[in-house]
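Trainee: Sharing a structure below in structure tokens format, with a few things to ask.
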Amino acid sequence: MTLVALAPCLCAGSVLADPIGDDRLQPGLYPAAPTSFVPTDEGERPFEIDWSLGLRGTQISSSDGNSFSAHLRPELDLRSLGNLVDTHINAHVELARGSDPQITPTTAALSVTAGSPLNENTRVQGQAGLKFDRELLGTPGFDPQIIRPADITTGHIDAGMAHRFGQFNLRLNGQIERVAYGATERRDTGTTDNSDQNRWSAEGTLRLGYQITPIVEVFGEGQLGRHWFDQAGKSSGEFADAYTRSVKMGVSGSWQERITAHAAVGIGQYIFTAATQPEVTARLYEAGVTWKPDPTLSVTGLLARNIEPTGADSAGSVRVIDSAKLSASYQVTSALALRTSSELAQSRVENSGETEDRRSAGLGADYGLNTRTKLSADYNYAHRTNSATGTFDSHQLSVGVTLKR
């Protein structure tokens, strides 16, 4: 998914370029949003319909050798901006062919989001989604001992409410999630049954902020969560069921939408219900800033520490991750856009001794032939040092075309 996010060489339309006028050099005019509603005898359609089709080729040079993969990604997007309820439906799938000649579905997802203002001070929103993921062999950072990665299926339902009263801002969010893992085929140990990682999760978050000035807000946030696992862990013989809880205090600000920033510190706990599993406590922090001096330039930085379950093919209890991310995009002309991103991350798996360092950097460019056709090119570098699997480096070059409605 990181590959897709950093190299969105997707989407749709005619290959023949439209005539280009003088407005091509004016920032912010390209890519222009296509006309969404199609008039009918009865008026406008209830949904704004957009679709895209992306084709991308990727050459990878890594510690494991060289490889090439081809990716096809169709996507459908439906939006409705109603008087009472705003609805957004998105469906996409990505098919890839890499070192394995068989065509592999690497991701497929369907999400439905709906939101509605109850009054001028209150808004509610909900989302439901279903997603399938399978990592492609030869992907940068992929464990070379894995012959067939685990299929990961995730479903979730979220609901939230935001309410403003006086100088106070209240937000309440809840989520229910189901995660299921398939088996992993490995060269060194054979088949790894990951069913002990299948789980249900529930989480609730309460955030209360006080608007000191029209620009600055101070806030406090509390979170409670619960994980239920289907089976006992293979190594421990006990269920990894656990409670999570965290408390954060922070400050946020927004200056004329040109600079938005936030910072928060707190503490988080991962408490296992089994008495033999030690409690994991970590100091949490998060700080982020986005700078948009004009519509053509955007720069975002983020620092964070998170606690999360280990996922498939891991013997530890939980993973603690420290990460730093920086990204930027620049609309050079109405046709040409540049972007870059980089990330540093360190993680440790509690109760296993496994540690990992990651770093990555990427550059990309999009060039619009017309309002329906976009060419993209991306270069990405990734490095990983894992205490269990060793060091891995990769260089990746992607070129693609996107056709869209």
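Trainee: Quick check on segment 221-242: of everything there that is assigned to a strand (DSSP E or B) and over 23 Å from D322 (Cβ atoms), which residue is least open to solvent (accessible area, probe 1.4 Å)? Reasoning before the result, please.
Mentor: The initial filter retains those residues of segment 221-242 that are assigned to a strand (DSSP E or B), namely 221-229, 232, 239, 242.
Now restrict to residues that are over 23 Å from D322 (Cβ atoms): 224, 226, 228-229, 232, 239.
Details: L224: 121, R226: 43, W228: 107, F229: 19, A232: 34, F239: 95 Å².
Per the criteria, the residue is F229.
Trainee: Give the residues of segment 148-181 that are free of Cβ contacts under 8 Å to residues at least 40 places away in the same chain and polar (S, T, N, Q), sorted by residue number.
Mentor: Matches in segment 148-181: T153, T154, N173, Q175.
Trainee: Here is a list of conditions, (1) at pLDDT 85 or above; (2) farther than 20 Å from S334 by Cβ, and G65 meets all of them except one; can you say which number that is?
Mentor: With (1) at pLDDT 85 or above; (2) farther than 20 Å from S334 by Cβ applied to G65, the lone miss is (1).
Trainee: Quick test of your reading of the structure: P117 fulfils all but one of (1) part of a loop (DSSP other than H, G, I, E, B); (2) surrounded by fewer than 16 Cβ atoms within 10 Å (Cβ to Cβ). Name the failing condition by number.
Mentor: (1)
Trainee: Within segment 363-372, can one find any residue that is open to solvent by 10 Å² or more (accessible area, probe 1.4 Å), at pLDDT 95 or above and over 23 Å from the mean Cα position of the chain (by Cα)?
Mentor: yes
Trainee: Please work out if L136 is open to solvent by less than 30 Å² (accessible area, probe 1.4 Å) and farther than 23 Å from F219 by Cα.
Mentor: Judged against the criteria, L136 is a match.
Trainee: Another question, then. Give me the residue from segment 254-305 that is within 20 Å of A242 (Cα to Cα), of a type in the set (G, A, S) and not in a loop (DSSP other than H, G, I, E, B) and, out of that set, modelled with the lowest pLDDT.
Mentor: Among those residues, the one meeting the criterion is A282.
Trainee: Look at segment 191-234 and say how many of its residues are of a type in the set (S, T, N, Q), touching a residue at least 40 places away in the same chain (Cβ under 8 Å) and over 22 Å from S252 (Cβ atoms).
Mentor: Result for segment 191-234: 3.
Trainee: Same structure, new question: Among the residues of segment 306-320 satisfying the criterion of being surrounded by fewer than 18 Cβ atoms within 10 Å (Cβ to Cβ) and more than 15 Å from K234 (Cα to Cα), which is modelled with the highest pLDDT?
Mentor: N306
Trainee: Related question: Could you please find all residues in segment 147-167 being open to solvent by less than 60 Å² (accessible area, probe 1.4 Å), modelled with pLDDT under 95 and over 16 Å from L110 (Cβ atoms)?
Mentor: P149, A150, D151, G166
Trainee: Would you point out the residue of segment 181-205, among those that are farther than 25 Å from G268 by Cα and part of a strand (DSSP E or B), that is most open to solvent (accessible area, probe 1.4 Å)?
Mentor: Applying the first criterion (farther than 25 Å from G268 by Cα) to segment 181-205 yields 181-195.
When the remaining residues are screened for being part of a strand (DSSP E or B), the result is 181, 184-186, 190-192.
Details: Y181: 39, T184: 4, E185: 68, R186: 30, G190: 27, T191: 86, T192: 22 Å².
Checking each candidate, the answer is T191.
The values are calculated or read from the model by the stated rules, or taken from the named source; none is laboratory data. If you're wondering where the values come from, they're calculated on a predicted model, not measured in any experiment. Cβ coordinates were reconstructed from backbone atoms using ideal geometry, including for glycine residues, and neighbour counts include every protein chain displayed. The accessibility values were calculated without ligands, DNA or RNA, using every heavy atom of the protein model including side chains. Shrake-Rupley method; radii C 1.70, N 1.55, O 1.52, S 1.80 Å.
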